[in-house]
1. Quick one: if the Förster radius is 25 Å, what FRET efficiency do GLN150 and ASP214 give, using the C-beta to C-beta distance and rounding to 0.05?
2. Return the subset of LYS50/LYS156; LYS91/LYS151; LYS71/LYS105; LYS31/LYS168; LYS34/LYS72 for which the Cα-Cα distance in this structure is over 28 Å, preserving the input order.
3. Which one is right for this structure if volume of the Cα convex hull per residue in Å³ is calculated from it: [x] 158; [y] 141; [z] 115?
4. Between ASP95 and THR57, what is the FRET efficiency for a Förster distance of 25 Å, r being their Cβ-Cβ separation, to the nearest 0.05?
5. Quick check: residue separation of LEU67 and TYR29 times 0.36 nm, minus the Cα distance between them. What number comes out in nm?
6. Would you please name the chymotrypsin sites (Phe, Trp or Tyr not before Pro) within the range 92-186 that are DSSP coil residues with at most 16 other C-beta atoms within 10 Å of their C-beta?
7. Using a simple spin-label model with points 7 Å from Cα along the Cα→Cβ vector, what separation in nm is obtained for THR87 and LYS167?
8. If you average the sequence gap of Cα pairs under 8 Å that are 6 or more apart and divide by the length of the chain, what percent do you get for the contact order?
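The numbers here are math on the coordinates, done by the rules we state, and not lab data. No experiment lies behind these values; they were computed from the predicted model shown. So basically every Cβ, Gly included, is an ideal-geometry build from the backbone, and we count neighbours across all protein chains shown.
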Amino acid sequence: MKQKNSFPPVKIAVLIDGGFFVKRFNSLYNKDRKMTGAQVADYLYTMAMKHVGNNNTLYRIFYYDCLPLDKKVHNPISKKLVDYSLTDEYKFRMDLLETLKQKRKVALRIGTLKDNHNWQIYPGRVKELLSGKKKLEDLKDSEIYLDVQQKGIDMKIGVDIATLALKKFVDTIVLFSGDSDFVPAAKLARREGIDFILDPMQANVEPQLFEHVDGITSLGPFFNRKK
């Protein structure tokens, strides 16, 4: 009996933009925010391993994120002291990172948070202010946020993609992201013969990304969806 043709096993690296992953995961599967950071870490690992499959080899899962904000600041509206290290978000993020540390073949790439020392109004409230539906003096504590930015994450992802490709450590790179900033790194990897797969977690993908990846596949924790 003639056997069906099958692809030979390959070595795969999975790169996950943590900020993007958590935002998309909560939007898709954790809208009520009842899952702990440890539970989300388990699902993250499952989703990464779905890309590897049963016949291939995992080189490593790289997870890129920053430590959560832990400083104390005064809210400019109520003047109340806010200790971010006591928030649910801080606990969630730390649980996520601590659980990932214990996973086999997971490497954390930690960037830094830059505090711009500015408070911003959430976009929805800005629209209400501009339309006159809300007055500035009616703003509540929960309608503003401290402006902080991740630094070093994109650079770390780009460097790792280049290293994996140039040193021929892997045959395939899977990237959880939807950011077109990674196009130059993806182009380099493909020129080196790497199969480059994007998992945008069902998010809309910018047109230029389609041209510079070898496939777009969203594999959720409970189902598979390809396109």
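1. 0.40
2. LYS71/LYS105; LYS31/LYS168
3. Only one listed value fits the structure, namely [x].
4. The computed FRET efficiency comes out at 0.30.
5. 11.4 nm
6. Of the chymotrypsin sites (Phe, Trp or Tyr not before Pro), the ones in loops of the range 92-186 whose Cβ has at most 16 other Cβ atoms within 10 Å are PHE169.
7. Between THR87 and LYS167, the simple spin-label model gives 3.6 nm.
8. Relative CO of the chain lands at 22 percent.
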